[in-house]
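> Below is one structure. I have some questions about it.
The values are calculated or read from the model by the stated rules, or taken from the named source; none is laboratory data. The structure displayed is predicted, hence computed values, not measured ones. Here Cβ is always computed from backbone atoms with ideal geometry, including for glycine, and neighbour counts include all displayed protein chains.
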Amino acid sequence: MSENAIEIYGLTKRYGDLFAVRDLNLKIPHGSVYGLIGPNGAGKTTTLSVLASLLEPTAGRVLVGGFDPSRDAQGVRRKVGYMPDVMGLYENMRVNEYLQFFAAAYRIPAKEWPALIGGLLELVDLTDKGDAFVDGLSRGMKQRLSLARALAHDPEILLLDEPASGLDPHARIELRGLVQELASMGKTVVISSHILPELEEMCTEVAIMEAGALLASGPPKEIGVGTGQTRSVKVRLWGGSEKTFEVADEIEQRDLVRRLVVDEELPVIEVTTIEENLEDLFLRVTKGQRQ
Amino acid sequence: MSGFRRPLNPVLARELRVRMRGRQAAVVLTLYLTILSLFLYLTYRSVTDIAALSGISSVASSASAGRNVFQWLLVVMLALVCFIVPGLTGGAITGERERQTLIPLQVTLMKPLSILLGKLGASVAFTLFLVVAALPLIGVAFVLGGVSVGEVIAGTAIVLFIALVLAVFSLGWSSVFRRSQLATVTSYAITLFLVLGTPLIYASQRIASSSYQGSGHTSKAIMVLNPFVLTADVAGGQTGSSSAPLNGLRSFVHPNSYSVGSSLVRSNGTTFTRSNPVRIPQPYEGFPFWVRSVIVFLGLCGTTLAVATYRLRTPAPKER
């Protein structure tokens with residue numbers, strides 16, 4: 001078995017003259033929580049749709065759980081749970097019925113349903129809502145029910161397209177906890193989102209996309225180095241004044257401090273590396289590409 | 001935990017459960033039975049009044065009333081099916097798209113044909129429910145006489161068959177379009193064409209033919225697409241009152257015969273009775289009219305289902 005849950009080689013999706021995704025190459029390791037970051041139109045949803053065996057790529061090859069979605073969509077669907085960016089729930093069904101319906105659609109034997117549905121409802125914290133109608137649930141509950149639906153066949157890989165979209169802060173925290181729990185169960189989670197600080201906390205790796213192209217990818221802490229951009233160092237001097245410098249790496253940072261203290265004899269009392277968050281990184285990387 | 005157990009198609013199980021839970025099913029059933037009952041009453045009154053005025057014997061009058069009631073019920077049932085089925089099925093797939101529930105369904109292990117058959121099954125099952133609900137009314141015609149069990153079975157079966165055909169056509173449009181409104185309107189337009197468009201085309205062909213050639217021979221091929229003519233050919237019977245609606249349509253398919261009272265009169269004047277059945281001459285060589293009609297409809301249904309399956313297949317070149 002490959003060490004990667006998902007492998008994407010030269011994925012291109014074109015609609016006429018418009019490139020939704022252009023020559024995308026990615027490898028997503030098993031058990032990782034992988035964040036796809038990018039503005040609207042970056043190609044995140046298109047990429048997830050190809051991985052979920054909904055869209056045919058124009059060019060390139062994709063392997064999901066070892067299966068090519070273009071050749072063996074059923075193989076991919078056994079391995080993948082997909083939660084689209086819209087909830088798409090049957091509002092006139094009860095929560096239990098809704099999950100039974102998807103259990104049947106995934107050909108899970110009926111005798112396994114009670115335990116399966118009980119487990120899913122417990123996981124998404126909807127145990128007491130089993131007999132409630134879907135249209136009576138809050139948005140956060142509906143989102144969790146969508147997640148339970150995607151988990152009905154116990155997939156190895158989860159594709160979550162903008163799962164936090166439209167949720168209040170409390171529901172977002174719950175969702176983050178859920179994703180972390182799924183990751184601890186050994187599932188590979190690919191998650192696209194605009195809410196970057198949350199992705200930063202959840203993701204073991206991220207890929208930044210814009211206009212269908214991959215700008216950077218890797219673990220959040222390393223990705224800035226990989227892009228060849230600088231980082232910020234804040235130097236506080238005696239008397240309260242502060243200066244900020246841009247450096248490329250740690251060596252350059254040491255050289256800077258030596259120059260300030262030894263060569264320029266400045267009264268340095270504190271040197272702080274400004275940790276760049278994912279949002280800063282995203283802005284910096286996408287700005288760099290735009291220039 | 002029941003209702004979705006295999007081998008019942010999950011989409012069919014869901015549709016039946018949700019459809020019967022809502023108020024819509026009860027409203028449709030009530031209206032449907034009210035209209036049928038009204039027609040039953042009016043037909044019975046009209047036939048018995050005419051019989052009383054003409055001095056026809058009570059047995060003959062009862063048989064004639066039975067046949068009239070049966071055929072009118074069948075015609076009204078068929079008209080209601082033509083009205084109800086496109087409305088029920090036109091939004092089957094577009095509705096899933098509009099509610100954004102199609103994608104979660106498409107990423108399950110259900111194949112496009114399975115999804116379509118589930119939707120189709122739900123529509124036909126509801127029509128079956130309507131037909132079964134109307135059986136007590138048809139039973140009235142049966143009690144009056146003049147109708148055989150075979151005719152009742154054939155009539156009911158053909159109404160269900162036409163419901164299936166209309167459901168497949170509507171499902172096809174539902175898979176082609178993105179909006180329910182457009183799919184439903186197109187489904188009704190197609191149904192209207194089958195019911196009213198086909199005789200109009202036939203009539204215009206006939207007028208054109210008699211204008212240019214002087215003779216009146218016109219192909220009736222277009223009429224194999226007419227649900228009422230098909231029903232008349234299957235369930236019209238060979239005897240009965242000339243005022244029974246299906247008899248008139250049947251004589252269109254079989255012009256060499258027409259009916260008066262409870263006996264059949266050939267165009268050469270020879271009279272046949274029920275006890276002396278006669279093979280009706282067919283206007284075409286080969287298969288009977290209704291067989292041709294059924295074959296044509298099955299062919300169209302197969303093509304429509306193939307197109308609909310293609311439209312629902314994933315992965316697709318673009319989102320549909």
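> Residues of the stretch B:138-167 being outside any helix (DSSP H, G or I) and among the small types (Gly, Ala, Ser), which ones?
Residues satisfying the conditions are B:Gly145, B:Gly146, B:Ser148.
> Return the only residue of A:Val64, A:Val76 being in contact (Cβ under 8 Å) with a residue 24 or more places away in the chain, within 27 Å of B:Lys119 (Cβ to Cβ) and either aromatic (Phe, Trp, Tyr) or more than 7 Å from chain B (Cβ to nearest Cβ) (or both).
The unique qualifying residue is A:Val76.
> Kindly establish whether A:Leu147 is in a helix (DSSP H, G or I), more than 9 Å from every other protein chain (Cβ to nearest Cβ), in contact with a helix residue (DSSP H, G or I) (Cβ under 8 Å, 6 or more places away or on another chain) and modelled with pLDDT under 95.
Answer is yes for this residue.
> Which condition number does A:Asn96 fail, the rest of (1) within 12 Å of another protein chain (Cβ to nearest Cβ); (2) buried (at least 21 other Cβ atoms within 10 Å of the Cβ) being met?
(2)
> All but one of (1) within 14 Å of chain B (Cβ to nearest Cβ); (2) in contact with a strand residue (DSSP E or B) (Cβ under 7 Å, 6 or more places away or on another chain); (3) assigned to a helix (DSSP H, G or I); (4) free of Cβ contacts under 8 Å to residues at least 40 places away in the same chain hold for A:Gly118; state the number of the condition that does not hold.
Every condition holds for A:Gly118 apart from (2).
> Related question: Restricting attention to the stretch B:274-320, which residues are within 14 Å of another protein chain (Cβ to nearest Cβ), exposed (fewer than 13 other Cβ atoms within 10 Å of the Cβ) and modelled with pLDDT under 85?
The answer is B:Lys318, and nothing else.
> For a quick check of your reading of the model, give me the residue pairs whose first member lies in the stretch B:100-125 and is away from chain A (no Cβ under 13 Å), whose second is among the hydroxyl-bearing types (Ser, Thr, Tyr) and surrounded by fewer than 24 Cβ atoms within 10 Å (Cβ to Cβ), with beta-carbon atoms closer than 9 Å and at least 6 apart or on different chains.
Note: pairs meeting the criteria are B:Leu113/B:Thr309; B:Leu116/B:Thr309.
> Output the residues belonging to the stretch A:135-144 that are within 14 Å of chain B (Cβ to nearest Cβ) and under 18 Å from the mean Cα position of the chain (by Cα).
Within the stretch A:135-144, A:Gln143 is the sole residue that qualifies.
> Ok, one more. Where the second residue is assigned to a strand (DSSP E or B) and at pLDDT 95 or above and the first is within 9 Å of A:Glu7 (Cα to Cα) and polar (S, T, N, Q) and lies in the stretch A:17-31, which pairs have Cβ atoms under 8 Å and are six or more apart or on separate chains?
So the pair list comes out as A:Asn25/A:Ile8; A:Asn25/A:Tyr9; A:Asn25/A:Gly10; A:Asn25/A:Leu11.
> For a quick check of your reading of the model, give me the residue pairs whose first member lies in the stretch B:12-32 and is in a helix (DSSP H, G or I), whose second is surrounded by fewer than 18 Cβ atoms within 10 Å (Cβ to Cβ), with beta-carbon atoms closer than 7 Å and at least 6 apart or on different chains.
Short answer, once both residue conditions are applied: B:Ala13/B:Gly3; B:Leu16/B:Ala125; B:Arg17/B:Gly3; B:Val18/A:Asn92; B:Arg19/B:Ala25; B:Leu29/B:Ala133.
> Considering A:Pro69, A:Pro39, which residue is in contact with a strand residue (DSSP E or B) (Cβ under 8 Å, 6 or more places away or on another chain), facing another protein chain (nearest Cβ under 7 Å) and either over 29 Å from A:Asp135 (Cα atoms) or in a helix (DSSP H, G or I) (or both)?
None of the others qualify; the one that does is A:Pro69.
> Quick check on the stretch A:150-184: of everything there that is in a helix (DSSP H, G or I) and of a type in the set (A, V, I, L, M, F, W, C), which residue is nearest to the other protein chains (Cβ to nearest Cβ)?
Only one residue tops the list, namely A:Ala150.
> Given the options A:Glu252, A:Glu222, A:Glu276, name the one that is within 27 Å of the chain's Cα centre (by Cα) and either crowded, with 16+ Cβ neighbours inside 10 Å or at pLDDT 80 or above (or both).
Result of the check over A:Glu252, A:Glu222, A:Glu276: A:Glu276.
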